[in-house]
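The values are calculated or read from the model by the stated rules, or taken from the named source; none is laboratory data. All figures in this text were calculated on a predicted structure; none of them were measured in a lab. Counting neighbours? That spans all protein chains shown, and the Cβs are built from the backbone with ideal geometry, glycine included. Only protein heavy atoms, including side chains, enter the accessible area calculation; ligands, DNA and RNA are left aside. Shrake-Rupley method; radii C 1.70, N 1.55, O 1.52, S 1.80 Å.
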Amino acid sequence: MKIGVITFPGTLDDTDAQRAARYVDAEAVALWHADADLHGVDAVIVPGGFSYGDYLRAGAIARFAPVMRSVVEAAGKGMPVLGICNGFQILCEAGLLPGAMLRNAGLHFVCRDQWLRVENNTTAWSSRYEQGAEIIVPVKNMDGRYTASQATLDELEGEGRVVFRYVGVNPNGSCNDIAGITSANGRIVGLMPHPEHAIDALTGPSDDGLGMFYSALDAVVTA
Amino acid sequence: MARVVVDVMPKPEILDPQGQAVANALPRLGFEGITSVRQGKHFELEVADDVDDATLAKIAETFLANPVIEDWVVRRVDA
Amino acid sequence: MARVVVDVMPKPEILDPQGQAVANALPRLGFEGITSVRQGKHFELEVADDVDDATLAKIAETFLANPVIEDWVVRRVDA
Amino acid sequence: MTSTQVHIDTVARAEASPDQPQPYRELGLKDDEYQKIREILGRRPTEAELAMYSVMWSEHCSYKSSKVHFRHFKENTTEEMRSKMLAGIGENAGVVDIGDGWAVTFKVESHNHPSYVEPYQGAATGVGGIVRDIMAMGARPLAVLDPLRFGPADAPDTRRVLPGIVAGVGGYGNCLGLPNIGGEVVFDESYAGNPLVNAACVGAMRVEDLHLAHASGTGNKVILFGARTGLDGIGGVSVLASETFSGEEGGTGRKKLPAVQVGDPFTEKVLIECCLELFGERIVVGIQDLGGAGLSCATSELASAGDGGMRVWLERVPLRAEGMTPAEVLSSESQERMCAVVRPEDVPAFMRVCQKWDVIATEIGEVTDGDHLVITWHDEVVVDVPPRTVAHEGPEYHRPIARPADQDALQADVPDSLPRPSTPDELRETILRMIASPNLASRKWVTDQYDRYVRGGTVLAQPSDSGMIRIDEETGRGVALATDCNGRFCKLDPYTGAQLALAEAYRNVAVSGATPLAVSDCLNFGSPEDPAVMWQFEQAIRGIAEGCRELGIPVTGGNVSFYNQTGTTAILPTPVIAVLGVIDDVRRRIPTGIGAEAGETLLLLGE
Ligand SMILES: Nc1ncnc2c1ncn2[C@@H]1O[C@H](COP(=O)(O)OP(=O)(O)O)[C@@H](O)[C@H]1O
């Protein structure tokens, strides 16, 4: 099983996402923004960071990268894709997921250990969790306030496409406490918190994030 | 060469905490009578003369603004 | 009620990484002929009629712009 | 810009016009310093040379008031202490061998004055600058820390300065992808008009990858890479243009520019990855970051530390502004730039790596077999100097030192007369007041704005006594770093106060489970022209040096920041000490805190 991890100029958490893939015994494959070739990977992670500095709008420039055309195409055929933080922003900008991220309501960068509730354990990236499980994972972002039109929010809620919800504190003012959502087919997931920083209690608040990477293994095997 | 200005603003229904922070601070600093502040982005582009309005509209819509959350206005100004 | 617009831009001699990022991306997206992009802030204020120009100038200078690194323009527009 | 070309002040012109008045005083040079430059050159300096000498001989770059006191470090460093040191004082940053083939480099720098003028950008570029210092040693930067000092929390100017500084440290570090693993936030009256923004960075490399800033090998190319050079941060040097050609509209005369630099962390992040790839390809002979004094510093230091001369074609420098003069190009402090020395046959490979990362790279010069740094501007010689006289042989002062007259009274004013809580209620009230005071309250409101998780190697960060990162994923080898200083102690007794700071940082590293190994410092003081301040300084530096000998760990580098004062009132003497420790397996780290399990026994060690 090969998990591709994209690096854009300004990507920061690519090595962490690769490490997370290795922790679940997947082969981590580095993908380069300017190279449209996905090198035969079975799943793709669009990691966090500040692609192109996020100066225009988080994810606005990265979504035009050659590699993203291939990701959009592969996602269309059902390849599991996970967007973390800046990756989530890029997936929204690329139209793979609905909605957009705005500046945090508090106007500050926020880094904290965050409780999340698993609202949907049927996606390619959440099947290893129990429905309703609460997990603790770091969240760290400047532009993390998930926003969408009321119609889109109603649709997401109606179809059970909210995958993760903030519990206790809503760190950035996201609509409906949404931390992560999925595509209609459950193969694409985007979330603001960072499961790749919660794979080992030595360097994170827990290893609760591993479940997402294990889920992808299952999704690929059973696909 | 022409100068083009693009103003990008959060849609009215979208909460604008930056603008709100300014609006809330003004009375504390003794400035009264400002009832609303909204904050967006202002771009100034120098463009070759053969860049037409359709292209500019496309740049604004697909790139400078995100139509999900923002409105935008493109105008040519005298340099 | 009057509407006032304040545009705040990085001073010409100051580095504008934002504008630069946009300018560098445009050719990659297939948009040619844009020779320079600068990015600043655009504020829209609703102000009571008795707020005078001097007050607006003060608000812009002390609050909306950072005079060390930014220039700004205040103008009243018809709402 | 034809008008610019007409007025270029060349060596030939300088020789022909020996009596032309020059604004050296405005550039911060004293009469005798200016005379010394004339003696060295045997003529008046050109504008570009004057710009170069004036920045390089400034207190900030030349350490002219502090250098003589560094002998305390030297005299107190034994062979044994030196044995683990791969690079020490004088290099961009100190480097220590931490075993298993790993070398670690770390340093603390100040960016106090820029952060007062423009808090966000000042703090941001402070982080950017120290990170490039670490890169210039050949290391991958791994984490940052930010010891900060502010005026009283409720002082009006603190409200202007503090949020910007914290946002700037975070904005730059977060975007760069370096975890923030520690720092300090201290409030005191004395910093009200002069906040301290110190930034520390730690990086690691394999021992064989250590790079030193040397330009050696005749024929090797000098490559400038990273951001374009603009007018930002020129500050003082803009008097050159305006003074010389004042009143000349459309000429090079321009209004005095603010000495503000704007940071672009995205460009720096890309520059880091680009540098690391270049190091990996082993095609860098020498490297130097561009910080304060920009190209003046980089070219003269590279040439001075090398074995030959250097030739630079200055007009090749990619510019961001029109009509810049050679003096301005040399002095610009535009951020996110590096300068490398590369063998001619490696230049194509060098350029390929830069292209991959979209980094602008330009061959601006070469190493010569002469002994001069010669810089031309469109074929005219604008600089022709012995580089050592610029970079390493600046003035040295033995400033007058005098113990302050009120020091005895200060020390005699002991707290015995202060009321103490005597009833449970009073005790309760005192404790509540203490934990609510800005100096003791939680720092979460600051540290929550910093990414401490990025890179996945952070083992300890806030609220730990020291930060700790894993360096080797296989073995678990890692380092711990803590910074400390109590300025009030230092004011009462700078010698002992500095030792207390050292001891505190040492203890903070030790209690994390790491073995302290080396020290870096950032000595923040008032004006060196004030004998009382110089006394504090001399006491503190001696305290640190002798304390280090006692502890058996060397000072590997640091930074001196003088002129921290409001009006004539100096800040509390603030020698911030950073102690680095090594731990062979981070899984054995000891987290801060008690009460994890019921029935723990509390032991008090020491007196
Ligand atoms: N400016 C800062 N940047 C990063 N970390 C900080 C900063 N200030 C304080 N910290 C961290 O917050 C924690 C508590 O700080 P402090 O109250 O100064 O601790 P102590 O009193 O134990 O030295 C420490 O882990 C320290 O490293």
Residues along segment A:124-143 losing 30 Å² or more of accessible surface when the other protein chains are present rather than the chain by itself (probe 1.4 Å): A:LYS140
Exposure ranking of D:LYS74, B:LYS11 by accessible area [1.4 Å probe, largest first]: D:LYS74, B:LYS11
Fully extended contour minus Cα-Cα distance, from D:GLU39 to D:SER417, at 0.36 nm per residue: 130.0 nm
DSSP-defined beta bridges in the protein assembly as shown - what % are antiparallel, rounded to 5: 80 percent
Dipole magnitude of the protein assembly as shown about its Cα centre (Cβ charges: Lys, Arg +1; Asp, Glu -1), debye to nearest 20: 720 debye
Fraction of accessible area attributable to carbon and sulfur, segment C:2-77 (%, probe 1.4 Å): 50 percent
Rounded percent of accessible protein surface that carbon and sulfur make up, segment A:106-187, 1.4 Å probe: 47 percent
DSSP bridge orientation in segment A:2-221 - percent antiparallel, rounded to nearest 5: 55 percent
Charge context of A:ALA219, other residues only, Cβ under 11 angstrom, K/R +1, D/E -1: 0
Only Lys, Arg (+1) and Asp, Glu (-1) charged, at Cβ; chain D dipole about Cα centre in debye: 620 debye
In Å², nearest 10: area of D:THR299 left accessible to a 1.4 Å probe: 0 Å²
Selection from C:LEU15, D:CYS297, D:PRO494, by position along the positive dipole direction of the protein assembly as shown (Cβ): D:PRO494
Two-site label geometry, C:ASP53 and A:MET1: point separation in nm, points 7 Å out along Cα→Cβ: 6.9 nm
Debye-sum result for the protein assembly as shown in log10 I(q)/I(0), which assumes one identical scatterer on each alpha carbon, at q = 0.08 Å⁻¹: -0.82
J(HN,Hα) series, segment A:148-165, from Karplus relation 6.51 cos²θ - 1.76 cosθ + 1.60, nearest Hz, glycine and proline x: 7, 5, 4, 4, 5, 4, 4, 5, 4, 5, x, 8, x, 8, 7, 8, 10, 10
Helix axis angle, D:31-41 relative to chain D longest principal axis, alpha carbon, degrees: 50 degrees
Exposure of A:TYR166 as accessible area (Å², to 10), given a probe of 1.4 Å and all protein chains: 10 Å²
Chain D: relative contact order as a whole-number percent, Cα under 8 Å and 6+ apart: 19 percent
Compactness index (Cα Rg / 2.2 N^0.38 Å), segment C:2-77: 1.36
FRET E, pair D:THR515, A:ASP207, Förster distance 30 Å, beta-carbon r, rounded to 0.05: 0.55
Residues with amide H under 5 Å from that of D:HIS214, placed H, sequence gap 5 or more: D:ILE287
Under 20 Å from the A:ASP37 label point (7 Å along Cα→beta-carbon), backbone N, segment A:1-31: A:1-9, A:27-31
Overall dimensions of segment D:527-607 as given by Cα atoms, namely Rg and Dmax in Å: 19.4, 57
Probe 1.4 Å, accessible area per residue of segment B:2-77, Å²: 46 Å²
Acute angle (nearest 10 degrees) that the helix B:17-28 long axis makes with the longest principal axis of chain B, alpha-carbon atoms: 40 degrees
Interface B:A - total buried accessible surface [probe 1.4 Å, Å², rounded to 100]: 1200 Å²
Amide H contacts under 5 Å for D:ASN524, placed H, 5+ residues apart: D:SER561, D:THR574, D:VAL576
Whole-angstrom gap from segment D:341-414 to segment B:5-32, using each part's C-alpha centre: 45 Å
Computed FRET value (nearest 0.05) for D:ALA402 with D:ALA598, which takes r as the C-beta separation and R₀ as 51 Å: 0.30
3J(HN,Hα) from dihedral phi, segment D:126-134, Karplus parametrisation 6.51/-1.76/1.60, rounded to Hz, x for glycine, proline: x, 5, x, x, 5, 5, 5, 4, 5
GluC sites (Glu not before Pro) within segment D:285-323, DSSP loop, no more than 11 other Cβ atoms inside 10 Å: D:GLU322
Dimensionless Rg ratio for chain D, taking C-alpha atoms and the 2.2 N^0.38 Å reference: 0.98
Within straight-line cross-link reach of C:LYS11, aspartates and glutamates at Cα separation under 15 Å, skipping those fewer than 8 residues along the same chain: B:GLU44, C:GLU61, C:GLU70, C:ASP71, D:GLU118, D:ASP232, D:GLU322
Charge-dipole axis of chain D as Lys and Arg at +1 and Asp and Glu at -1 on Cβ define it, positive-most pick from D:TRP377, D:VAL96, D:VAL329: D:VAL96
Per-residue average of Cβ from other chains inside 10 Å of C:49-57: 2
Amide H within-cut-off set for A:ALA30, under 5 Å, with H built and near neighbours excluded: A:VAL5
Residues of type lysines that D:LYS107 reaches as a straight line, Cα spacing below 29 Å, ignoring anything fewer than 8 places off in the same chain: A:LYS140, D:LYS64, D:LYS67, D:LYS74, D:LYS84, D:LYS221, D:LYS269, D:LYS444, D:LYS491
Net charge, C:ARG76 excluded, C-beta distance under 12 Å - Lys, Arg +1, Asp, Glu -1: -4
Ordering of D:522-531, D:133-142 by burial proxy (mean other Cβ atoms within 10 Å per residue, highest first): D:133-142, D:522-531
Under the Karplus curve 6.51 cos²θ - 1.76 cosθ + 1.60, θ = phi - 60°, whole-Hz ³J(HN,Hα) for segment D:529-546, x wherever Gly or Pro sits: 7, 9, x, 5, 5, 5, 5, 4, 5, 5, 4, 5, 5, 5, x, 5, 4, 6
Proximal charge balance of A:SER149 [Cβ under 12 Å; K/R count +1, D/E count -1]: -2
Percent carbon-and-sulfur accessible area, chain D, ignoring ligands, DNA and RNA, probe 1.4 Å: 52 percent
Positive-end extreme of charge dipole, the protein assembly as shown - chosen from C:GLN39, A:SER126, D:VAL127 (charges on Cβ): A:SER126
Ellipsoid semi-axes in whole angstrom, largest first, where each is sqrt(5λ) of the Cα gyration tensor of segment A:2-221: 22, 20, 18
Per principal axis, descending, Cα span of segment D:1-152 in whole Å: 60, 40, 36
Average beta carbon contacts from partner chains per residue of D:263-270, 10 Å cutoff: 6
Within chain C, GluC sites (Glu not before Pro) in DSSP loop having at most 15 other beta-carbon neighbours inside 10 Å: C:GLU32
Rough spin-label spacing in nm, given labels placed 7 Å along Cα→Cβ, for D:ARG428 and A:ARG69: 7.2 nm
Nearest-20 debye value, segment C:2-77 charge dipole, Cβ charges on Lys, Arg, Asp, Glu: 340 debye
Estimated 222 nm signal from helices in the protein assembly as shown, with DSSP H stretches of n ≥ 4 weighted -39500 (n - 2.57), rounded to 500: -9000 deg cm²/dmol
